[in-house]
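In what follows, a single structure is set out as structure tokens and then discussed.
The values are calculated or read from the model by the stated rules, or taken from the named source; none is laboratory data. This one's a predicted model, so the numbers in the text were calculated from it and none came from an experiment. Cβ atoms come from the backbone with ideal geometry, glycine included; neighbour counts cover every protein chain shown. Surface areas here come from the heavy atoms of the whole protein model, side chains and all, with no ligands, DNA or RNA. Shrake-Rupley method; radii C 1.70, N 1.55, O 1.52, S 1.80 Å.
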Amino acid sequence: MLVLTMVGTTKALAFQEGAVDFDQYSGEVVDESTNKPLVFATLTVEGTNISTITNTEGNFLLKVPKNSASTNVIVSFLGYRTQSVPLSELEPEKNKIALTVSVTQLSEININAPRDAMALVRETMAKRDENYFGEPTLMTAFYRETIKRRRRNVSLAEAVVNIYKTPYSSNRDDAVELYKARKSTDYSKLDTVALKLQGGPYNTLYVDVMKYPEYLFANESISNYKFSFDRSIRVNDALIYVIKFAQHENIPDPLYQGELYIDVEKRTLTSAIFSLNITDRDKAAELFVRRKPAKVDVWPTQVAYRVDYREKDGRWYYGYSSVSMEFKVDWADKWFNSVYSMTAEMAITDWEKNMGGDFPKNRERIKKSIIMGDEAIGFTDSDFWGEYNIIEPEKSIESAIRKIQRQLRRDERSSD
């Protein structure tokens, strides 16, 4: 799904700069009891397809068109009660939204629910065509990828993209079109080797396991896993079973392990969180490292994935996904190795039905071999994204952006 390399006008969704005025709200979503931030909580403008998510520090940034008729923001998170917050109660900044845990009593468990975990997973996969979007959809998404050496950001790329999502019943792949992007890389902090993430937004798009089941549970490989019931939670008053899975011990190839969140009544996958088994580091490295110097040994120490789905009018669709990896780079002639972490995430921020089935021409699509850090332009001003919803930058990313902006200003002054 991921590859590590060492070495025009579009028909888009409301992509007219400055065409719509918007109100902007920022703040955090926390657990009411512990005050801990809730990571990847979803905020949706009621009655619209506009949404965003909280970052790894629980912070959010939401932009709502002034002409929107909606008056509420729906805030939801796995295992918590969904809350409806009137827009009139939100301030432009420093909002704090607290969610309460949704407790599931044993008496609530549906006695008719299946007792065979694998059978439930198979049934969920089989009901894909009727439970997920059955029409072509044009989506707006925000994509971000970062590369860190130890804890320091050395490469940062962000983009707004169009996703031409095909029906879940179709075998045709989705297409991605780049609308706007920015990046920066400080190669001086990358030793003498440059790590680049090949594939850009496709790395996150292919984590949509209901659209691309072949990357996780292909029909011929699902029997390589063992499944078990773990616990149950409630999401938006729906009973969700949490199914644990892991590969059988006798399977030599590196597969996956994690949790599936399945709506018991509708047989719908609402979320999946899983990681790659990297016990055999050489086999795991073969999956990711495309090219490297002869005297360098590179292997992953952690590879994790997440995908969340959202519901609209009884049908589900891809809403957010992320991939995080950690690599060790070991030079034969050096005493110490280097540790790098790479993260890619993408969130759907708006969408509309693509009833005409429009699809970009090949030359307009992002290639699956793209390296976003090589394609994007440098960072500019803080209003770069304008009206488009993005994932709020973390403090470390904000700090990196400020340094980039200061350097740009210094460069401009020195050139005058």
- Matching residues, segment 217-235, being surrounded by 14 or more Cβ atoms within 10 Å (Cβ to Cβ), out of contact with any Phe, Trp or Tyr (no Cβ under 7 Å at 6 or more places or on another chain) and within 16 Å of GLU265 (Cα to Cα): ILE233, ARG234, VAL235
- Item | Number of the condition not met by ILE240 [criteria: (1) open to solvent by less than 20 Å² (accessible area, probe 1.4 Å); (2) over 18 Å from VAL103 (Cβ atoms)] | (2)
- Determine whether segment 308-319 contains at least one residue that is more than 26 Å from PHE133 (Cα to Cα), open to solvent by 10 Å² or more (accessible area, probe 1.4 Å) and touching a Ser or Thr at 6+ places or on another chain (Cβ under 9 Å). no
- Task: Could you check, for segment 14-25, whether at least one of its residues is in a strand (DSSP E or B), out of contact with any Lys or Arg (no Cβ under 6 Å at 6 or more places or on another chain), at pLDDT 90 or above and open to solvent by less than 20 Å² (accessible area, probe 1.4 Å)?
- Result: no
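Can you tell which of THR34, THR48, THR54, THR44 is more than 30 Å from LYS196 (Cα to Cα), surrounded by 21 or more Cβ atoms within 10 Å (Cβ to Cβ) and at pLDDT 90 or above?
Just a single option satisfies the conditions, and that option is THR44.
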- segment 129-155 - residue that is among the aliphatic types (A, V, I, L, M) and either in contact with a Phe, Trp or Tyr (Cβ under 8 Å, 6 or more places away or on another chain) or open to solvent by 20 Å² or more (accessible area, probe 1.4 Å) (or both) and, of those, farthest from LYS312 (Cα to Cα): VAL154
- Task: Select the strands (runs of 3 or more DSSP E) contained entirely in segment 184-289, then report the ones holding at least 3 residues which are on the phi < 0 side of the Ramachandran plot and either at pLDDT below 80 or in contact with a Cys (Cβ under 6 Å, 6 or more places away or on another chain) (or both).
- Result: 195-198
- Query: Hey, among the residues in segment 64-83 that are open to solvent by less than 60 Å² (accessible area, probe 1.4 Å) and in a loop (DSSP other than H, G, I, E, B), which one's farthest from VAL30 (Cα to Cα)?
  - Reply: SER68
- Note on the structure: GLY79 vs (1) on the phi < 0 side of the Ramachandran plot; (2) modelled with pLDDT under 90: all pass except (1)
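Condition check: open to solvent by less than 10 Å² (accessible area, probe 1.4 Å), at pLDDT below 80 and within 17 Å of the chain's Cα centre (by Cα). Does MET346 satisfy that? Steps first, answer last, please.
Values: open to solvent by less than 10 Å² (accessible area, probe 1.4 Å): yes; at pLDDT below 80: no; within 17 Å of the chain's Cα centre (by Cα): yes.
No: the conditions fail for MET346.
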- Query: Looking at (1) within 21 Å of the chain's Cα centre (by Cα); (2) within 13 Å of TYR225 (Cβ to Cβ), can you tell me which one ASN250 breaks?
  - Reply: (1)
- Task: Out of LYS96, LYS148, report the one residue that is farther than 30 Å from LYS226 by Cα and modelled with pLDDT of 95 or more.
- Result: LYS96
- Note on the structure: GLU108 meets each of (1) modelled with pLDDT under 90; (2) touching a Phe, Trp or Tyr at 6+ places or on another chain (Cβ under 9 Å) with one exception, condition (2)
